[in-house]
1. Please report, largest first and rounded to whole Å, the three semi-axes of the ellipsoid equivalent to segment 45-95, where each semi-axis is the square root of five times an eigenvalue of the C-alpha gyration tensor.
2. What is the Cα radius of gyration of the chain over 2.2 N^0.38 Å, N being its residue count?
3. Restricting the calculation to Cα positions, tell me the Rg (one decimal) and the Dmax (whole number) of segment 73-153 in Å.
4. Which order do the peptides 84-97, 54-67 take when ranked by the mean count of other beta-carbon atoms within 10 Å per residue, highest first?
5. What fraction of the Cα pairs in segment 1-85, stated in percent, has a spacing above 18 angstrom?
6. For segment 114-153, how big is the tail of P(r) above 16 Å, as a whole percent of Cα pairs?
7. What number does segment 85-127 give for Rg over Rh if you use C-alpha atoms and the Kirkwood radius?
8. Assuming a ≥ b ≥ c are the square roots of the Cα gyration tensor eigenvalues, decide whether segment 8-53 counts as rounded (a/c under 1.5), prolate (otherwise, with a/b larger than b/c) or oblate.
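Read-outs throughout are calculated quantities, based only on the coordinates presented, and are distinct from any laboratory measurement. Fair warning: this is a prediction, and the values are worked out from it, not measured in the lab. Every residue, glycine among them, receives a Cβ derived from its backbone with ideal geometry; neighbour counts consider all protein chains shown.
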Amino acid sequence: MRNTNGNIGLLLRYVVLKNLCKSLGDNVSIQPGVFIFNPDKISIGNNVSIHPMCYIEGAGEIEIGNDVSIAHASTLISTNHQWNDLEKPIKYNKETFGKIVINDDVWIGCGVRVLSDVTIGSRSIIAAGAVVNRNVENNSIYGGVPAKKIKEI
């Protein structure tokens, strides 16, 4: 059903996620081609849209507030790898987990990467292509790699 288009696809994804997610609000639109892993650790508020080709890994927990829009091809990844065990390749080192919190009234532009242990403040905008590896203040626009504050709104 990940790639089912139209209203039937939206409804199917909503019904399934309503049963699998930690919580799922009203008027949530999950568009085709979205990958969601560990939904039992993901909370999504009301009036949220997640556009095509997004990748959401909830192993470290993700909380998405109300009135949030996540544009296409964005990633929320609440996991990371350690690299301190020199006897193992990095990909086999211990995995770590860190919560992502996206507060109310946030617009995440296309192709954004939000990494673990990040909180995005209310009424903020993340510019297209940004990599968010630190907390974002309320009422602000952030952009770049790594994301930095551009201005207050």
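1. Working: eigenvalues 195, 28, 7 Å².
So the three semi-axes of segment 45-95 are 31, 12, 6 Å.
2. Details: Rg = 15.6 Å, N = 153, 2.2 N^0.38 = 14.9 Å.
Normalised by 2.2 N^0.38 Å, the Cα Rg of the chain equals 1.05.
3. 14.2, 48
4. Numbers: 84-97: 10.9, 54-67: 20.4.
Ranked from most to least packed, the peptides come out as 54-67, 84-97.
5. 38 percent
6. On the way: 151 of 780 pairs.
Counting every Cα pair in segment 114-153, those more than 16 Å apart make up 19 percent.
7. When Rh is taken as the Kirkwood radius, the ratio is 1.19.
8. Rounded, since a/c falls under 1.5.
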